[in-house]
Amino acid sequence: MPTNRPPSSSLPEPARVLRLGVTGHRPNRLPPSALPRLRRQTGEVIALLESIAGEAQAAQAEVSRAGRPVLLRTLSALAQGADTLVAEIALERGAELEAPLPFAVAEYERDFPVGPPRECFHRLLGRAARVFPLGGTREREAEAYEAVGRLVVERCDVLLAIWDGEPAAGQGGTALIAAYARELGVPVIWIHAASERPPCLLASDAGAAREAMPIEALRGRLLTKLASPAR
């Protein structure tokens, strides 16, 4: 039976994806006076990743006439504070949003006070390309938060940590998730939650000192990864 399916040679190449994970503090550890800086610096980080994605796509086009689009995707658990701040800025800039959640939506929304916080949560859910609750329970709440943080790390190419540099306040805290990323060799960009300093790239070794490497140092590493045939 004849079909209207185009020949395989004319099918568009699947997109490659550059995945930005996010971990960070809740509002109680984000000084209101720091929010404009955090938004600006988050925009700078995303702009760098956009530049890298564009460069990777241009390089691919040189070897394939059609080329393969390179998409920027943000993975955020949408908790109040750093998670929602990064998700909102990423969406504003045209990135995709993927939202792993620690609980079912109806349960997780209890984390958000009625009013603007809960409305923001549902608005971001509605704009996410994919939402996948992990099915945690309140009886094991801390484990659920840690599990979703670890999943973000395992699925991302680079992790953005909005963090005051202090030890984790509890299971699944920002310091723990950033350390887990470094253990796995996932690059960690650190935006200081409270101090005026430029974003920096942490050393990949979790036991090493927090070296303040420029985030531009990521470019070569991510370009190599995006060029890998395995992606």
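What follows draws every value from the coordinates through simple rules; no lab data is involved. Small disclaimer: the values here were computed from a predicted structure and weren't measured. Virtual Cβ from ideal backbone geometry, glycine too; neighbours counted across all protein chains shown.
Looking at this structure, is residue 143 charged (D, E, K, R), in contact (Cβ under 8 Å) with a residue 12 or more places away in the chain and not in a helix (DSSP H, G or I)?
Working: charged (D, E, K, R): yes; in contact (Cβ under 8 Å) with a residue 12 or more places away in the chain: yes; not in a helix (DSSP H, G or I): no.
Judged against the criteria, residue 143 is not a match.
List every residue pair whose Cβ atoms lie under 8 Å apart, where the two residues are 6 or more positions apart in sequence or sit on different chains, the first residue falls within segment 176-203 and is farther than 18 Å from residue 44 by Cβ, and the second residue, located anywhere, is part of a loop (DSSP other than H, G, I, E, B) and of a type in the set (Ser, Thr, Tyr).
Pairs that qualify, where the first residue is farther than 18 Å from residue 44 by Cβ and the partner is part of a loop (DSSP other than H, G, I, E, B) and of a type in the set (Ser, Thr, Tyr), are 182/204; 185/204.
Pairs please, first residue from segment 17-35 and closer than 19 Å to residue 102 by Cβ, second anywhere and aromatic (Phe, Trp, Tyr), Cβ atoms under 9 Å, 6+ apart in sequence or on different chains.
That search, which allows pairs on different chains as well, returns 23/163; 24/163; 25/163; 29/163.
Going through 129, 193, 212 one at a time, which residue ends up being in contact with an Asp or Glu (Cβ under 9 Å, 6 or more places away or on another chain) and exposed (fewer than 15 other Cβ atoms within 10 Å of the Cβ)? Break it down into steps so the answer makes sense when it comes.
On the way: 193 fails: exposed (fewer than 15 other Cβ atoms within 10 Å of the Cβ); 212 fails: in contact with an Asp or Glu (Cβ under 9 Å, 6 or more places away or on another chain).
Answer to the check: 129.
Can you spot a residue in segment 172-187 that is among the aliphatic types (A, V, I, L, M) and more than 22 Å from residue 18 (Cα to Cα)? Talk me through it step by step, then tell me what you get.
First pass over segment 172-187, keeping only residues among the aliphatic types (A, V, I, L, M): 175-179, 181, 184, 186.
Narrowing further to those that are more than 22 Å from residue 18 (Cα to Cα): 175-176.
Yes, because at least one residue in segment 172-187 is among the aliphatic types (A, V, I, L, M) and more than 22 Å from residue 18 (Cα to Cα).
Mind checking which residues of segment 68-87 are assigned to a loop (DSSP other than H, G, I, E, B), within 27 Å of residue 57 (Cα to Cα) and touching a Lys or Arg at 6+ places or on another chain (Cβ under 7 Å)?
If the condition is that a residue be assigned to a loop (DSSP other than H, G, I, E, B), within 27 Å of residue 57 (Cα to Cα) and touching a Lys or Arg at 6+ places or on another chain (Cβ under 7 Å), then 68 is the only one that fits.
So which residues in segment 74-93 are at positive phi and surrounded by fewer than 24 Cβ atoms within 10 Å (Cβ to Cβ), if there are any at all?
Going through segment 74-93, the residues at positive phi turn out to be 78, 81.
The one that is at positive phi and surrounded by fewer than 24 Cβ atoms within 10 Å (Cβ to Cβ): 81.
Let's see how each residue does on (1) part of a helix (DSSP H, G or I); (2) among the hydrophobic types (A, V, I, L, M, F, W, C); (3) without any contact (Cβ under 8 Å) to a residue 12 or more places away in the chain:
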{"residue": "117", "(1), (2), (3)": "yes, no, no"}
{"residue": "167", "(1), (2), (3)": "no, no, yes"}
{"residue": "172", "(1), (2), (3)": "no, no, no"}
{"residue": "218", "(1), (2), (3)": "yes, yes, no"}
{"residue": "223", "(1), (2), (3)": "yes, yes, no"}
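Across segment 88-115, what is the total count of residues that are within 24 Å of residue 154 (Cβ to Cβ), more than 17 Å from the chain's Cα centre (by Cα), part of a helix (DSSP H, G or I) and of a type in the set (Gly, Ala, Ser)?
Count: 0.
I'd like to verify a number: residues in segment 121-142 that are touching a Ser or Thr at 6+ places or on another chain (Cβ under 9 Å) and within 26 Å of residue 175 (Cβ to Cβ), how many? Walk me through it before giving the result.
Kept after step one, since they are touching a Ser or Thr at 6+ places or on another chain (Cβ under 9 Å), are these residues of segment 121-142: 121, 124, 128.
Keeping just the survivors that are within 26 Å of residue 175 (Cβ to Cβ) gives 121, 124.
Of the residues in that region, 2 qualify.
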